1. Quick check: pseudo-label points 7 Å beyond the Cα along Cα→Cβ at B:GLN114 and A:ASN32, how many nm apart are they?
2. Just grab the label-to-label distance for A:LYS255 and A:THR240, each label 7 Å out from Cα along the Cβ direction, in nm (one decimal).
3. Calculate the FRET efficiency for A:ILE227 and A:ALA329 from the Cβ-Cβ distance with a Förster distance of 60 Å, rounded to the nearest 0.05.
4. Between B:ASN39 and A:GLN314, what is the label-point separation in nm under the 7 Å Cα-to-beta-carbon projection?
5. Evaluate E = 1/(1 + (r/R0)^6) for A:SER348 and A:MET177, where r is the Cβ-Cβ distance and R0 equals 30 Å; express this FRET efficiency to the nearest 0.05.
6. Near the amide H of B:ALA86, under 5 Å away, which other amide H atoms are found, from residues 5 or more places off or on another chain, if H is placed in the peptide plane?
7. Quick one: Debye curve from the alpha-carbon atoms of the stretch A:22-161 only, equal weights, vacuum; give me log10 I(q)/I(0) at q = 0.10, 0.13, 0.18 Å⁻¹ to two decimals.
8. Using alpha-carbon pairs under 8 Å, 6+ residues apart, how would you state the relative contact order of the stretch A:22-161 in percent?
Amino acid sequence: MKPPNDNPSSGSFSLESSRPKVPTRILCVEDNDGDFRLFQLHLGDSPLKPRPSLQRARTLSEAAELISSASDQSGPFDLIVLDLSLPDSAGPATYFRLRNLAPETAIVILSGTTDHELSLEMVQHGAQDYLPKDTLSGDLLGRSLLYALERQRVRMGMKKLNDQLQRTTCELQTTQMHLIQAEKLESLGRLAAGVAHEVKNPLGVLQMGVDYFSNKTATLGGNAELILANMQEAITRADTIIHDMLDFSRSDQLKMNLCNVNELMGSSLRMVHHELLKNKITIIKTLATNLPNVRVDGAKLEQVLINIIMNAAQAMPSGGPLLVSTFSAEFSESSHDEGSRDLERLRSGDEVIVLEVRDHGSGIPEEILPRIFEPFFTTKPTGEGTGLGLAVARRIVELHRGRLQMTNMTSPTGVRARIVLQPDFSLSPQAAPSIPQAEVPTVQFI
Amino acid sequence: MNKKRILIVDDDIPLTQSVKINLEETGDYNVLVENRSANAVATARAFRPDLVLLDYIMPGLDGGDVCTRFRDDPFLRDVPVIMITALLSNGEMGANGSVFRNGHIMVAKPIKLQKLKSCIEEQLAGVAT
Ligand SMILES: Nc1ncnc2c1ncn2[C@@H]1O[C@H](COP(=O)(O)OP(=O)(O)O)[C@@H](O)[C@H]1O
Ligand SMILES: [Mg+2]
């Protein structure tokens with residue numbers, strides 16, 4: 001930082017990087033005509049090259065207008081020279097308002113004799129400099145403005161770096177989370193196969209035992225029937241967990257077929273029909289016609305839908321409406337699928353097919369929302385939830401290069417679950433087998 | 001009415017015992033258990049089963065190996081085989097709880113007696129027609 005030798009008379013400091021190739025654009029906010037003319041004069045005397053372009057505002061609101069139209073047209077001002085006492089604003093507030101209006105612009109305070117102290121304070125709050133009106137000269141002004149520009153440039157550079165750093169840190173954290181999650185899933189997969197073999201045979205023995213005694217409840221008498229029913233439930237529960245775990249270890253083996261999403265929705269609903277009936281759930285279907293097909297493993301996708309539907313039903317313990325729909329849409333990222341790994345396939349704007357299930361339950365508390373896809377994360381009592389439903393569901397959907405999006409809804413509260421899939425155009429919807437329209441009532445009460 | 005002959009090949013002794021008892025108590029079947037997969041072919045040749053229940057994961061010869069030997073055997077090649085495996089998940093099974101894979105009906109453990117029976121009857125009927 002040394003003054004260049006070829007221009008000693010300027011007394012100003014200059015840096016190659018900050019030397020403007022286009023005129024510096026300055027906004028002077030000053031209500032006093034005399035003070036403004038004086039400033040204009042000094043600016044003319046200053047060694048700033050090329051000659052800066054100067055605009056003037058007499059009030060803060062006029063300044064605001066100029067700032068906003070400038071940033072619309074030619075980009076923000078490089079520099080604002082500010083008198084703190086204006087007709088429509090006075091004191092520190094003037095500076096802070098302007099700072100907000102032009103966060104990226106260097107601000108230099110023009111101070112009268114009475115407010116040097118205040119000006120100094122403004123410098124501590126991010127103003128680049130303050131210039132006393134009474135002792136102003138071309139040289140002083142030029143040097144101050146150059147310094148101000150340079151400091152602001154460095155400051156913005158630092159801000160940019162800092163933003164970048166924060167973004168990178170955030171990305172790192174997300175990646176780390178994914179890695180941990182992926183590892184968890186993988187070891188779970190390995191474990192599942194082992195556990196399945198070791199546990200299913202004993203379960204098979206128990207099952208045969210229950211079947212054996214089930215034929216003999218009459219001779220066993222008393223509570224035999226109840227006890228056998230409880231044993232059967234325990235076997236089923238243990239079996240369910242193992243099945244869910246197995247779905248991890250095996251879910252990479254997909255049997256892909258062209259499927260009609262309305263049929264998938266229909267068959268899934270049929271499979272849980274009794275459960276829904278028992279829970280007084282009313283199904284309201286809105287299925288789009290003529291949707292392109294999807295290439296998916298139908299049985300697996302049904303499993304995903306069933307998991308989602310059962311969650312929705314469990315979220316409405318005293319019953320209520322369940323809105324299921326299918327439609328095509330433009331893909332857009334939802335904020336709650338940060339865990340998705342396969343980001344390269346679906347892009348915002350892609351045409352996608354959506355299978356949606358909405359409930360009117362109480363929604364998912366914000367603090368657990370980031371955890372719902374974790375294997376074994378559940379808020380339900382033992383026996384009711386294994387915490388594997390959504391973990392399996394998301395894994396399956398992602399293996400299809402799709403997305404599973406869970407979003408809280410307000411008024412009425414509830415959860416919106418979306419399975420987002422890519423359409424497969426290799427067969428036109430007309431050519432593909434599909435349910436005749438008459439069999440798909442738009443609204444069905446069960 | 002003559003009972004159908006069923007051979008169970010599975011290394012798990014308590015499991016095979018209880019399956020045998022349950023199937024025989026229905027009065028429809030005559031069941032023989034073979035717990036060593038290496039002996040499966042010899043036992044089957046002697047027993048002449050109408051149907052074989054075959055475990056998939058076994059020490060030594062696994063279910064797939066045993067099945068291949070049955071298919072290579074002139075006396076056993078047409079005997080229907082139901083594979084029973086611990087490694088099937090819900091997502092891989094059809095609505096009726098079984099799946100057809102690599103030429104076999106596969107069912108998942110633990111299987112309920114009711115389901116096992118209907119699966120056996122289905123297979124036996126398939127051979128009869
Ligand atoms: N529709 C929903 N409404 C409210 N909470 C839900 C809903 N779906 C999922 N959740 C929450 O996410 C958790 C994890 O769901 P899941 O993985 O299916 O496991 P489980 O249902 O066995 O608990 C649930 O325990 C519940 O807290
Ligand atoms: Mg669930």
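1. Reported label-point gap for B:GLN114 and A:ASN32 is 9.7 nm.
2. Here the modelled spin labels are 2.4 nm apart.
3. The pair A:ILE227/A:ALA329 has a calculated efficiency of 0.70.
4. That separation, rounded to one decimal, is 4.6 nm.
5. Details: r = 22 Å, r/R0 = 0.74.
Using R0 = 30 Å, I get an efficiency of 0.85.
6. Distant-sequence amide H within range of B:ALA86: B:TYR56, B:ILE57, B:LYS109.
7. Log10 of I(q)/I(0), two decimals: -0.28, -0.49, -1.01.
8. Numbers: 217 pairs, mean separation 35.8, N = 140.
Once divided by the residue count of the stretch A:22-161, the mean separation gives 26 percent.
Only the coordinates and a few stated rules stand behind these numbers; no lab work does. Just so we're clear, the structure is a prediction, and the values are computed from it rather than from any experiment. No Cβ is skipped: glycine too gets one built from the backbone with ideal geometry, and neighbour counts run over all protein chains shown.
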